[in-house]
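The values are calculated or read from the model by the stated rules, or taken from the named source; none is laboratory data. No experiment lies behind these values; they were computed from the predicted model shown. Cβ sites come from the backbone with ideal geometry, for glycine too, and all protein chains shown count toward neighbours. Ligands, DNA and RNA are excluded from the accessible area calculation, which covers all protein heavy atoms including side chains. Shrake-Rupley method; radii C 1.70, N 1.55, O 1.52, S 1.80 Å.
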Amino acid sequence: MVIVYFFVIAFTETRAYALFQTPDFLNLSESMVQLIMCRNLEIPEVRKFEAMLAWTKNKVISSKYTYTSQSIILVDILLSG
C-alpha cells in the first residue's frame, strides 16, 4: 500500500497542473489537497494558488453551513476574482 501511495504522489508531482484542471480536484478533501500542495510540484507557485482558490470557492459554494453576512461578503470577493 505504501508503494502505491508514493507512486501516486510522484505521478501527481509531474502532472499537477493537469490534475488541477479536472472537476474531481475540486471535490478532494482538505487533507488530500494539503498533501498535494506541500509536495515539490513542477508548476509555478501562482498555479498552485489558483488551484487552491478554485478549490476554496467550490467548498464555500457547496457548503451546507448557514451563511452569515461575513461569509456572503467572502463569497462575493471569491467569485468576483
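Restricting Asn40, Asn58 to those that are assigned to a loop (DSSP other than H, G, I, E, B) and either at pLDDT 75 or above or open to solvent by less than 100 Å² (accessible area, probe 1.4 Å) (or both) reduces the list to Asn40. Taking Thr68 as the residue in question, decide whether it is surrounded by 13 or more Cβ atoms within 10 Å (Cβ to Cβ), β-branched (Val, Ile, Thr), modelled with pLDDT under 90 and at negative phi. No. Within the stretch 1-37, if we keep just the residues that are free of Cβ contacts under 8 Å to residues at least 24 places away in the same chain, among the β-branched types (Val, Ile, Thr) and open to solvent by less than 90 Å² (accessible area, probe 1.4 Å), the residue that is farthest from Ser62 (Cα to Cα) turns out to be Val4.
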